[in-house]
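Visitor: Could you have a look at this structure, given as structure tokens, before my questions?
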Amino acid sequence: MSWDIVEKFEKQIAEFYNAPFAVATDSCTHAIELCLRYKKVKTASCPKHTYVSVPMTFEKLGIEWQFRDQHWSEFYLVSDNVIDAATLWQAGSYVDNTFMCISFQFRKHLGLGRGGAILCNSQQDYTVLKKMSYDGRLPTAPWAEQNIDTLGYHYYMTPETAQLGLDKLTAAMQTKPKIWTNSDYPDLSKMKVFKDVK
């Protein structure tokens, strides 16, 4: 199966959200991590009611962070222009000049078992994030033939997952999504693992 399938999926996801570009990843959590690394984010925050991997990613990266009380629906900011939009499925909903991280986890509207994407604004952002997701290289040539110039993280989407996304995309576009809010998640600030977070 060709890597062109992944690029085709990226283009269709970007078109659905009305984003200039989409970088397919293996999960939304890793999409968020890549954006935080790329933007060299030093401070961040997240709602108390969200998925547990978000604050764990802050810890992993050594970012100074805190919880906040927030009633949110479908997406929220984690830094100035990095958005956790894991639950968002709405045509034309890209917020310009941001990095919006989407999830294709099995419970999401376009459920692929696992997967994610970063919606972004420029060709440069796309190229760098694509390299970061793919071991510092691009999938257009064998890695040993590339002079790799970017630190990568092995967070890419496989062609098989992308093909499944293409197969399910039309049906997803034609059905009404669940609207996710903070009330769908527990209060993470009460969990032992985060007991020292202010």
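The values are calculated or read from the model by the stated rules, or taken from the named source; none is laboratory data. Quick caveat: nothing in here was measured; it's all calculated off a predicted structure. With ideal geometry, Cβ positions are generated from the backbone for all residues, glycine too; neighbour counts draw on all protein chains shown.
Visitor: Looking only at the range 145-164, count every residue that is part of a loop (DSSP other than H, G, I, E, B) and either buried (at least 19 other Cβ atoms within 10 Å of the Cβ) or of a type in the set (S, T, N, Q) (or both) and tell me the total.
Guide: The total comes to 6.
Visitor: Going through the range 122-144 one residue at a time, which ones are more than 27 Å from residue 74 (Cα to Cα) and either part of a loop (DSSP other than H, G, I, E, B) or in contact (Cβ under 8 Å) with a residue 24 or more places away in the chain (or both)?
Guide: 134, 135, 136, 137, 138, 139, 140, 141, 142, listed by residue number.
Visitor: A further question on this structure: May I ask you to list the residues in the range 165-198 that are over 23 Å from the mean Cα position of the chain (by Cα), part of a loop (DSSP other than H, G, I, E, B) and not β-branched (Val, Ile, Thr)?
Guide: 191, 195, 196, 198 - these are the residues of the range 165-198 that are over 23 Å from the mean Cα position of the chain (by Cα), part of a loop (DSSP other than H, G, I, E, B) and not β-branched (Val, Ile, Thr).
Visitor: Can you list the strands (runs of 3 or more DSSP E) lying wholly within the range 26-121 that have 2 or more residues being in contact (Cβ under 8 Å) with a residue 12 or more places away in the chain, over 29 Å from residue 164 (Cβ atoms) and not charged (D, E, K, R)?
Guide: 43-47, 64-68
Visitor: Tally the residues that are in contact with an Asp or Glu (Cβ under 8 Å, 6 or more places away or on another chain) and loosely packed, with under 13 Cβ neighbours inside 10 Å, restricting the search to the range 50-69.
Guide: Adding up the residues that qualify gives 1.
Visitor: A further question on this structure: Mind listing just one residue for me: the one in the range 23-49 that is touching a Gly at 6+ places or on another chain (Cβ under 6 Å) and under 21 Å from residue 182 (Cα atoms) and, of those, surrounded by the most Cβ atoms within 10 Å (Cβ to Cβ)?
Guide: The qualifying residue surrounded by the most Cβ atoms within 10 Å (Cβ to Cβ) is 31.
Visitor: Checking the conditions here, which among 76, 94 is hydroxyl-bearing (Ser, Thr, Tyr), under 20 Å from residue 179 (Cα atoms), surrounded by 18 or more Cβ atoms within 10 Å (Cβ to Cβ) and in contact with a helix residue (DSSP H, G or I) (Cβ under 8 Å, 6 or more places away or on another chain)?
Guide: Residue meeting the stated conditions: 94.
Visitor: Quick check: is even one residue across the range 72-85 closer than 18 Å to residue 13 by Cβ and out of contact with any Ser or Thr (no Cβ under 9 Å at 6 or more places or on another chain)?
Guide: no
Visitor: Let me ask you something else. Output the number of residues of the range 1-25 satisfying the condition of being in contact (Cβ under 8 Å) with a residue 24 or more places away in the chain and of a type in the set (Lys, Arg).
Guide: 1
Visitor: Now, a different point. Quick one: what pairs do we get from the range 160-177, first residue touching a residue at least 40 places away in the same chain (Cβ under 8 Å), second among the small types (Gly, Ala, Ser) and not in a helix (DSSP H, G or I), C-beta under 6 Å, 6+ apart or different chains?
Guide: These pairs meet every condition: 161/115.
Visitor: Does at least one position in the range 3-22 carry a residue that is modelled with pLDDT of 95 or more, surrounded by fewer than 16 Cβ atoms within 10 Å (Cβ to Cβ), in contact with a Phe, Trp or Tyr (Cβ under 9 Å, 6 or more places away or on another chain) and closer than 16 Å to residue 80 by Cα?
Guide: Among the residues of the range 3-22, not one is modelled with pLDDT of 95 or more, surrounded by fewer than 16 Cβ atoms within 10 Å (Cβ to Cβ), in contact with a Phe, Trp or Tyr (Cβ under 9 Å, 6 or more places away or on another chain) and closer than 16 Å to residue 80 by Cα, which makes the answer no.
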